[in-house]
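The values are calculated or read from the model by the stated rules, or taken from the named source; none is laboratory data. Everything quoted here is computed from the prediction, not taken from an experiment. Virtual Cβ from ideal backbone geometry, glycine too; neighbours counted across all protein chains shown.
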Amino acid sequence: MIEHAQCYNWAASENQRTAFDTLVGAYPQGGCMKLTAQDIADVARLSRLELTEEEKETLAGHINRLLEHFEKLQQLDTEAVEPTSHVIPVFNVFRKDEPGESLPVNDVLANAPDVADDCFVVPRVVET
Amino acid sequence: MTDALYELTIHEIHDLLRSKQVSAREVAESFIRRIEEVDSRVRAFITTTPEHALKQAEAVDEVLSRGDLLANPLVGIPVAIKDNMCTRGILTTCASKILYNYKPIYDATVVERLNESRAILVGKTNLDEFAMGSSTENSGFFVTRNPWNLDTVPGGSSGGSAAAVAANECAFALGSDTGGSIRQPASFCGVVGMKPTYGRVSRYGLVAFASSLDQIGPITKDVTDCAIVLNAICGKDPRDSTSLDVPVPDFTQSLRADVKGLKIGVPKEFFGFGTDPEVEDAVRSAVDLLVELGAHAEETSMPSVEYGLAVYYIIAPAECSSNLARYDGVRYGLRVAPDSGTVTRQTREAKSSIVSMFEKTREQGFGAEVKQRIMIGTYALSAGYYDAYYLKAQKVRTLLRRDFDKAFEKFDVLITPTSPTVAFGIGERADDPYAMKLADICTIPANLAGIPGISVPCGFKEELPIGLQIMARGLDEETLIRVAFTYEQHTEHHRKRPPL
């Protein structure tokens, strides 16, 4: 079984890798934007992620390859096309402003890592 | 009799309960024993809830002994729920270290509805972390195995749910589907999985991944069970403003073996993604069978489908980067202490303690795939790039919808493979994120268009199941069920169970 699976896997991956490249468009090298190490650091900061150097490198590779694939979309003329943000035409759903029951404070705090006086505790943010 | 209860479908167990040949407790015990017996090998569950299940079952027996609720088809039926749906007081982790200890204080609407139906919760199932992945290998805790071959993946992201149904560890399960996460694992595990129309089922209490794509749906042993579960979970919910206020039909009325005059479209693009020839053969034979039974089939083309993957990998990460901003170590889940030497107020030179806490918590709490998607999404939404990526993707999403609209002017259903291949080996695609993403290439378009899709077993390759995908117009789950049921009535694939 394993032997068979290995043969099959090899074929399937080769086959599929080619399919994927055709599908998402092997874009000419240098033809699209590449994220620099500084860009990755900036995006990580916006994402509130403290990445290790190794992670930054791996992510840069992955993200740049995906961005190349996204370039395929630029082949399509969408000048006159409306964007779809939601598939059902729901824009605003109003309800009556009726007071309902709120969750009990103890329940709300039950999962918090640190609490005091019915509040979530976080590192100090205001200088005294 | 009692020993084999776990092998039965919902409707078969229901008949036994109704005629009082078994008690709900006996049913629950049978599944609990089954989980004990096989789950150390399959590893479908993050949490099992045997005591909870037995308590629920005893309550059900009491109700049944009074003659109440006998007509409700889910009374006393053991269910497994994907671990990204909130269950009050029961661990809900999303298979992420960042939620390793999270016990929700409320039930998701679907859980509430199953509780009202008096289904019995046997456990919470494994998934790719926050439902991001195609193999359940991205779980922050452990890998689930495909019951058909323990060296292969069960698919994903609802891999735990699909494996649990296939391994007879529950009578049915709930999954969630953002780009194929119900249908693709159902295909890999040889069971039935449906993603209903976007808005059919309330998402309240489903931990959000990509809100414009996420939808909850059933994973079952046959199409009849699929209809039964849909009846229980569909419908408007005031707590999810995107849930649709439209009548919910009785889906069991569509369990009719009749496809005379049905128009089937077979879009050729779905066979072009490195599809395994045996998968293609099985799918085309299924179409031939439906034609023999009176349907008309015609090949068609949907050119925009080839852009689906790129559109998905912009829109889903963009929405995920926003939805996952809430994991900051303040209100629930993991918190990692800030670096020493941080300051109270952030400056250009010095990081503040609170920002350090956010960053360290998220760094240690999230796995690699989740971080990658947050980064892509943040980038795609950032100033200067929004138009080139996110807006462009939304516009191409419109083109894709138009292709579906056009196809459904002519056809009642579209039939394709659910995934280009059968289940692949564990670890095989882990280093190749692109090959991994290809597993969802046939299922993503339905999420982008918001339409319903179902996967049903349609054959085997080397003892691994092949899935047939049927898609229909928005809100036309009835036709999906009718076509899938007709196919099932004339085949035996769904009766095969893995040799565990």
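For this structure, a couple of remarks:
- Yes/no for A:Leu76 being within 22 Å of B:Thr398 (Cβ to Cβ) and facing another protein chain (nearest Cβ under 10 Å): yes
- Odd one out for B:Asp431 among (1) within 23 Å of B:Glu369 (Cβ to Cβ); (2) at pLDDT 95 or above; (3) surrounded by fewer than 24 Cβ atoms within 10 Å (Cβ to Cβ); (4) not aromatic (Phe, Trp, Tyr): (2)
- Some residue of region B:25-41 being outside any loop (DSSP other than H, G, I, E, B), under 30 Å from A:Pro113 (Cα atoms) and out of contact with any Leu (no Cβ under 9 Å at 6 or more places or on another chain): no
- Matching residues in region B:88-113 - criterion: being touching a strand residue (DSSP E or B) at 6+ places or on another chain (Cβ under 8 Å) and surrounded by fewer than 23 Cβ atoms within 10 Å (Cβ to Cβ): B:Ile90, B:Leu91, B:Lys103, B:Pro104, B:Asp107
- Here B:Asp15 passes the criteria (1) out of contact with any Ser or Thr (no Cβ under 8 Å at 6 or more places or on another chain); (2) within 30 Å of B:Ser135 (Cβ to Cβ) except the one numbered (2).
- Residue that is nearest to B:Glu299 (Cα to Cα), among those in region B:225-278 that are within 14 Å of chain A (Cβ to nearest Cβ), among the acidic types (Asp, Glu) and assigned to a helix (DSSP H, G or I): B:Glu269
- Residues of region A:30-88 that are farther than 23 Å from B:Glu349 by Cα and either of a type in the set (S, T, N, Q) or in contact (Cβ under 8 Å) with a residue 60 or more places away in the chain (or both): A:Thr58, A:Asn64, A:Gln74, A:Gln75, A:Thr78, A:Thr84, A:Ser85.
- Selection status of B:Val291, modelled with pLDDT of 95 or more, surrounded by fewer than 23 Cβ atoms within 10 Å (Cβ to Cβ) and not assigned by TED's automatic domain parsing to the domain that holds B:Gly133: yes
- Enumerated helices (runs of 4 or more DSSP H) restricted to region B:349-426, each holding at least 2 residues that are within 7 Å of chain A (Cβ to nearest Cβ) and touching a Lys or Arg at 6+ places or on another chain (Cβ under 6 Å): B:353-365
- Cβ-Cβ under 9 Å pairs, at least 6 apart or on other chains, region B:439-463 side within 12 Å of chain A (Cβ to nearest Cβ), far side in a loop (DSSP other than H, G, I, E, B) and of a type in the set (Asp, Glu): B:Asn447/B:Asp214; B:Ile451/B:Asp476; B:Pro452/B:Asp476; B:Lys461/B:Asp276
- Being farther than 20 Å from B:Asp440 by Cα, within 23 Å of the chain's Cα centre (by Cα) and not hydrophobic (A, V, I, L, M, F, W, C) holds for only one residue in B:Asp258, B:Asp250, B:Asp288, and it is B:Asp250.
- Any pair with Cβ under 6 angstrom, 6 or more apart, that starts in region B:328-345 at a residue that is within 27 Å of B:Cys94 (Cβ to Cβ) and ends at one that is of a type in the set (A, V, I, L, M, F, W, C) and surrounded by 20 or more Cβ atoms within 10 Å (Cβ to Cβ): B:Asp328/B:Phe358; B:Gly329/B:Met357; B:Gly333/B:Ile98; B:Gly333/B:Leu99; B:Leu334/B:Ile98; B:Pro338/B:Met357
- Residue match in region B:182-203 (condition: in contact with a Phe, Trp or Tyr (Cβ under 7 Å, 6 or more places away or on another chain) and either aliphatic (A, V, I, L, M) or within 22 Å of B:Leu475 (Cα to Cα) (or both)): no
- Tally, over region B:322-342, of residues that are surrounded by fewer than 24 Cβ atoms within 10 Å (Cβ to Cβ) and either part of a helix (DSSP H, G or I) or more than 10 Å from every other protein chain (Cβ to nearest Cβ) (or both): 6
- Residue match in region B:478-498 (condition: of a type outside the set (Asp, Glu) and either part of a strand (DSSP E or B) or within 14 Å of chain A (Cβ to nearest Cβ) (or both)): yes
- Single residue of region B:206-221 satisfying the filter (of a type outside the set (A, V, I, L, M) and surrounded by 24 or more Cβ atoms within 10 Å (Cβ to Cβ)) that is nearest to the other protein chains (Cβ to nearest Cβ): B:Gln215
- Of the residues contained in region B:311-326, none is found to be aromatic (Phe, Trp, Tyr) and out of contact with any Leu (no Cβ under 9 Å at 6 or more places or on another chain).
- Residue check, A:Pro104 facing another protein chain (nearest Cβ under 9 Å) and closer than 28 Å to B:Pro238 by Cβ: yes
- All helices (runs of 4 or more DSSP H) inside region B:95-196 with 3 or more residues being among the hydroxyl-bearing types (Ser, Thr, Tyr): none
- Some residue of region B:70-80 being assigned to a loop (DSSP other than H, G, I, E, B), among the hydrophobic types (A, V, I, L, M, F, W, C) and at pLDDT below 95: yes
- Boolean, B:Glu137 is of a type outside the set (Gly, Ala, Ser) and either under 23 Å from B:Gly367 (Cβ atoms) or not assigned by TED's automatic domain parsing to the domain that holds B:Leu16 (or both): yes
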